[in-house]
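Student: I'd like to ask some things about the structure below.
The values are calculated or read from the model by the stated rules, or taken from the named source; none is laboratory data. Quantities reported herein were computed from a predicted structural model and do not represent experimental measurements. Quick reminder, even Gly has a Cβ in these numbers, built from the backbone with ideal geometry, and neighbours come from all protein chains shown. Only protein heavy atoms, including side chains, enter the accessible area calculation; ligands, DNA and RNA are left aside. Shrake-Rupley method; radii C 1.70, N 1.55, O 1.52, S 1.80 Å.
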Amino acid sequence: MMAIDDQKSTSDGKVWGFLKQTFRHSASGATTSSRTSHQTHPPVEGTNPHTSASVSSVARSLLPTRRRLKLDPSNKLFFPYEPGKQVRSAIGIKNTSKSYVAFKFQTTAPKSCFMRPPGAILAPGESIIATVFKFVEVPESNEKPVDQKNNRVKFKIMSLKVKGPMDYVPELFDEQKDQVSIEQILRVVFLDPERPNAALDKLKRQLAEADAALEARKKPPEESGPKIIGEGLVIDEWKERRERYLAKQQVEEVDSV
């Protein structure tokens, strides 16, 4: 019995020692992990505001851009291919948002291209047809006609939400750079004017509509009210009074007869 008890106490001591070592290792591991968590996750009060701002700006840049404008065509500008001439393209721009929106054109070839208008402010639901002018260079004798795939001229349309109706100035986009959205990058596509196609017919209709709108804006507004001359005498009222006077004279003459 004594031998069994001695063996039992010895085995119990070994088991207890093993348990104490295991507890110490687990406790030290928990302490280390706690220290590591404190080091990798500093308190919120100590965060750098500049770092937070940069992270938020990056997060905003990753979000999908919300379109404010609807473009027609959506991603191309069609031009008739006439070397040595200035040709025109057209694009419909419509404000599909619920607020006033300013838009602005930019191009990679400002010396040979210009837009009319270069920018404007559209009310909610308002639309406009913008005209784009481009000079087509004449290819050299040993060159092939223009290759559309190698055409590097591009146009960019940007948009900016504004508070309300106001006069358009390009400086609006410089003052609020953080709020500017790139609506679309437009690629130039040349069309053969001698070969009718749907894109060319649509371009002609848009150009005709843009020209008509331009002529309408040039005309002076029609005056709905009567014209005033002299010392506030109204022509229409003067004619009416004269007609009443002449009618009265005729009635008096008849009565006298």
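Student: Of the residues Glu237, Glu243, Glu223, which is farther than 30 Å from Val136 by Cα, loosely packed, with under 10 Cβ neighbours inside 10 Å, at pLDDT below 85 and among the acidic types (Asp, Glu)?
Tutor: Glu223 is the lone residue from the list that is farther than 30 Å from Val136 by Cα, loosely packed, with under 10 Cβ neighbours inside 10 Å, at pLDDT below 85 and among the acidic types (Asp, Glu).
Student: Can you tell me which residue is farthest from Phe133 (Cα to Cα) among those in region 176-191 that are surrounded by 12 or more Cβ atoms within 10 Å (Cβ to Cβ) and charged (D, E, K, R)?
Tutor: Result: Glu183.
Student: Another question, then. Which residue is farthest from Lys154 (Cα to Cα), if the candidates are limited to region 104-116 and must be outside any strand (DSSP E or B) and free of Cβ contacts under 8 Å to residues at least 24 places away in the same chain?
Tutor: Step one: of region 104-116, the residues outside any strand (DSSP E or B) are 108-112.
Next cut, free of Cβ contacts under 8 Å to residues at least 24 places away in the same chain only: 110-111.
Numbers: Pro110: 10, Lys111: 13 Å.
So the residue we want is Lys111.
Student: Okay, moving on. Any residue at all in region 84-103 that's open to solvent by 10 Å² or more (accessible area, probe 1.4 Å), free of Cβ contacts under 8 Å to residues at least 24 places away in the same chain and under 19 Å from Ala210 (Cβ atoms)?
Tutor: Taking every residue of region 84-103 in turn, none turns out to be open to solvent by 10 Å² or more (accessible area, probe 1.4 Å), free of Cβ contacts under 8 Å to residues at least 24 places away in the same chain and under 19 Å from Ala210 (Cβ atoms).
Student: Does any residue of region 150-162 turn out to be more than 26 Å from the chain's Cα centre (by Cα), assigned to a loop (DSSP other than H, G, I, E, B), surrounded by 10 or more Cβ atoms within 10 Å (Cβ to Cβ) and at pLDDT below 90?
Tutor: no
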